[in-house]
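The values are calculated or read from the model by the stated rules, or taken from the named source; none is laboratory data. Note that the coordinates shown come from a computational prediction; the quantities given were computed from them, not determined experimentally. Using ideal geometry, Cβ is built from the backbone for each residue, glycine included, and neighbour counts are taken over all protein chains shown. Calculation scope for accessible area: heavy atoms of the full protein, side chains included, ligands and nucleic acids excluded. Shrake-Rupley method; radii C 1.70, N 1.55, O 1.52, S 1.80 Å.
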Amino acid sequence: MTTGLTLGKFAPLHKGHEHVIERALAENDHVVVLIYHAPEHTPIPLSRRAAWITSLYPSIEVIECADGPMEVGESPEIKRMHEEYILGKLAGRKIDRFYTSEFYGEHVSAALGAADCRVDPARVAVPISATAIRENPYAKRNYVSAVVYRDLVTKVVLLGAPSTGKTTLCEALAAHYNTVWMPEYGREYWAANQIGRRLSPEQLVEIAEGHRVREDRLVMEADRFFFVDTDATTTRQFGLYYHGHVLPRLAKLADDTRERYDLFLLCEDDIPYDDTWDRSGEVNRTKFQEVIVADLMARRVPFERVGGSLAARVETVVALLDGKS
């Protein structure tokens, strides 16, 4: 059995890295990837960057190197430091081929006793670099997989009872940042499928899944920020309210939202109630708002309250986002 090795920071993982990895997969029985800590290049944690690789290439063995050397250079001392670290991480494992596009291919291969397999060092086949992507992820988004690009965008979800201004605020924020936003799929689905103003537990699962599919598709068009009108926890709350229970799949989708979004905003119920035919009344708005707050607190999800006029709400969110970016 032959074993190939490649390594890097993958900050972020891009099509050039994938080109190297896929060459290694094609030429070996087993492939190992060492992924390094890179706080100077990206806020995305090591574990998340490792998950990109395992998501795209499940057969690959990924070794996280949180304590790897940070220095880069061609001095004998730096080369020796990296060689010793890599050999230590491999713990005597035999490597047949070492794959990279970088200058260090020669000396690392020699230290491993492996074949030096250089892949597209001139970046002709895939003309991209991690630096170029970090400088403008939106412009270079075609060079990264969807699973990666989703993590390069700050995902903001707006929660709140019906008629708390979520849709209006999403639209305004997307316009401010010249990006896209995700409308509430449940509202569209309900209008098309409700019978006697009700949906079945199975249909509520379809709402949560459909919303997620649309989100994953639309986020690829987002520039820096992506604003989302409600999430699966809202669908779960409607299920509990109308049926007293929800199906396990919906419960799972709702629980997943904690890790899915970067910022949770609660739109306050301090604006006039818009009593449209598809809503259940101002009293229910108050009750739903209390349930939403209780749910966020029970799950220990940090959130920011956004209230007042539309202009005041936009100002609040812009201050939060520009402070984080």
Legend entry - Failed item in (1) at pLDDT 95 or above; (2) surrounded by fewer than 20 Cβ atoms within 10 Å (Cβ to Cβ), with Phe103 passing the rest: (1)
Legend entry - Residue that is least open to solvent (accessible area, probe 1.4 Å), among those in the stretch 248-261 that are out of contact with any helix residue (DSSP H, G or I) (no Cβ under 8 Å at 6 or more places or on another chain) and not hydroxyl-bearing (Ser, Thr, Tyr): Arg260
Legend entry - Filter result for Lys89 (at pLDDT 95 or above and within 28 Å of Ser145 (Cβ to Cβ)): yes
Legend entry - Checklist (1) within 30 Å of Asn136 (Cβ to Cβ); (2) open to solvent by 30 Å² or more (accessible area, probe 1.4 Å) applied to Tyr36, failing item: (2)
Inset, instruction - Please enumerate the residues belonging to the stretch 185-209 that are small (Gly, Ala, Ser) and over 16 Å from Leu247 (Cβ atoms). - result: Ala191, Ala192, Gly196
Legend entry - Condition check for Ala319: more than 24 Å from the chain's Cα centre (by Cα) and at pLDDT 95 or above: no
Inset, instruction - Select from the stretch 170-228 the residues that are in a helix (DSSP H, G or I) and acidic (Asp, Glu) and list them in ascending order. - result: Glu171, Glu188, Glu202, Glu206, Glu209, Glu215, Asp216, Glu221
Inset, instruction - Answer yes or no: is there a residue in the stretch 215-234 that is modelled with pLDDT of 95 or more, on the phi < 0 side of the Ramachandran plot and either of a type in the set (S, T, N, Q) or more than 21 Å from the chain's Cα centre (by Cα) (or both). - result: yes
Legend entry - Residue ID - nearest to the chain's Cα centre (by Cα), chosen from residues in the stretch 108-160 that are of a type in the set (Lys, Arg) and not in a loop (DSSP other than H, G, I, E, B): Arg150
Inset, instruction - State whether one or more residues within the stretch 59-79 are in contact with a Pro (Cβ under 7 Å, 6 or more places away or on another chain) and either open to solvent by less than 60 Å² (accessible area, probe 1.4 Å) or free of Cβ contacts under 8 Å to residues at least 40 places away in the same chain (or both). - result: no
Inset, instruction - Return yes when Ala110 is without any contact (Cβ under 8 Å) to a residue 24 or more places away in the chain, open to solvent by 70 Å² or more (accessible area, probe 1.4 Å) and under 24 Å from Ser145 (Cβ atoms) and no when it is not. - result: no
Legend entry - The listed residue being open to solvent by 50 Å² or more (accessible area, probe 1.4 Å) and farther than 30 Å from Lys15 by Cβ, out of Asn193, Asn142: Asn193
Legend entry - Which numbered condition Ala222 misses (of (1) surrounded by fewer than 17 Cβ atoms within 10 Å (Cβ to Cβ); (2) touching a residue at least 40 places away in the same chain (Cβ under 8 Å); (3) farther than 20 Å from His245 by Cβ): (1)
Inset, instruction - Identify all residues within the stretch 163-179 that are in contact (Cβ under 8 Å) with a residue 24 or more places away in the chain and open to solvent by 40 Å² or more (accessible area, probe 1.4 Å); write none if there are none. - result: Thr167, Thr168, His176, Asn178
